[in-house]
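Each remark here refers to the structure printed beneath this line.
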Amino acid sequence: MGVSTSEPDQGIAVITADFPPVNALPVQGWYDLAAAVRAAGRDPAIRCVVLTAEGRGFNAGVDIKEMRRDTASGGHGVLIGANHGCAEAFSAVYECEVPVVAAVHGFCLGGGIGLVGNADAIVASDDATFGLPELDRGALGAATHLARLVPQHLMRALYYTSRTATAAELHAHGSVWKVVPRTELHEAARDLAREIAQKDGFLLRLAKAALNGIDPVDVRRSYRFEQGFTFEANLSGVADRVRDTFGAPDGTPAKGA
């Protein structure tokens, strides 16, 4: 369990998240993921990073149970920690000194969108779905990153409804490089990584810096702006009210919530 790094091919680091049952990352998990990505990017022998996950899905966002336990005792430490941890992990992917390929299977939700939206390329299995259920979970954020995957009006509709888009739909919009059967996902992602890793390592790092430098949106500042509204939702009490319905079959607060 946790975050691990392997180097199955020369010049390629594969970073894997494994947080059963659904890869909803606790606060420390986001920081661990960020540290692994930054370490791989700093390694002069690495020319491409593949970001992947074990289990049922790629990423289900933050650990709501961890946050509930904290807020039930009147604290906001987990909320603040999750916001900072997510910001750090998303930035680590974006600022990684070498290209990052996200290999996505199953669900990619909430914070998962922040990761793949900041990746350089996405390879997805044909069962992958992407979305931001933030309004159903008493939070806001990562619209910055969803806007990098789909056109503006579709982003807004997905955000307001908490609906998801399929890998095939994102491929049609050009944000997913390739869609493959789930059994072929890891090899397909590594194929792309191997092709990238054949380039000169120094030139790749220059290219990554150059492409980040011409982005029209400052993703770090844009995401932090969004997070301010998450704090407002929590201070107003609406976040707790909505979050308490998460997981309840009829949308009413769970017993003991």
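The values are calculated or read from the model by the stated rules, or taken from the named source; none is laboratory data. Bear in mind that the values here come from a model prediction, so they are computed numbers and not experimental data. Note: ideal-geometry Cβ built from the backbone for every residue, glycine included; neighbour counts use all protein chains shown. We work out accessible area using only protein heavy atoms, side chains counted, and drop any ligands, DNA or RNA first. Shrake-Rupley method; radii C 1.70, N 1.55, O 1.52, S 1.80 Å.
General remarks:
- Here segment 124-143 is the region considered, the condition is being surrounded by fewer than 24 Cβ atoms within 10 Å (Cβ to Cβ) and small (Gly, Ala, Ser), and the residue that is farthest from residue 195 (Cα to Cα) is 138.
- Pair list, Cβ under 8 Å, 6 or more apart: segment 167-191 residue in contact (Cβ under 8 Å) with a residue 12 or more places away in the chain and among the basic types (Lys, Arg), other residue assigned to a helix (DSSP H, G or I) and open to solvent by 60 Å² or more (accessible area, probe 1.4 Å): 178/171
- Check on residue 207, of a type outside the set (Asp, Glu), modelled with pLDDT of 95 or more and more than 21 Å from the chain's Cα centre (by Cα): yes
- Any hit, segment 6-25, residues being in contact (Cβ under 8 Å) with a residue 40 or more places away in the chain and charged (D, E, K, R): yes
- Taken over segment 230-241, residues that are of a type in the set (Val, Ile, Thr) and buried (at least 18 other Cβ atoms within 10 Å of the Cβ) amount to 1.
- Checked against the criterion of being within 26 Å of residue 210 (Cα to Cα), at pLDDT 95 or above and within 13 Å of the chain's Cα centre (by Cα), the candidates 53, 103, 17 yield just one match: 103.
- Search result, residues across segment 180-222 that are closer than 26 Å to residue 56 by Cβ and either of a type in the set (Ser, Thr, Tyr) or open to solvent by 50 Å² or more (accessible area, probe 1.4 Å) (or both): 181, 182, 183, 184, 186, 187, 190, 191
Each row is one residue, and each column tells you yes or no for (1) open to solvent by less than 10 Å² (accessible area, probe 1.4 Å); (2) within 24 Å of residue 226 (Cβ to Cβ).
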residue: 37; (1), (2): yes, yes
residue: 46; (1), (2): yes, no
residue: 68; (1), (2): no, yes
residue: 82; (1), (2): yes, yes
residue: 92; (1), (2): yes, yes
residue: 113; (1), (2): yes, yes
residue: 122; (1), (2): yes, yes
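- Looking at 82, 119, just one residue is closer than 16 Å to residue 139 by Cβ and of a type outside the set (S, T, N, Q), and that residue is 82.
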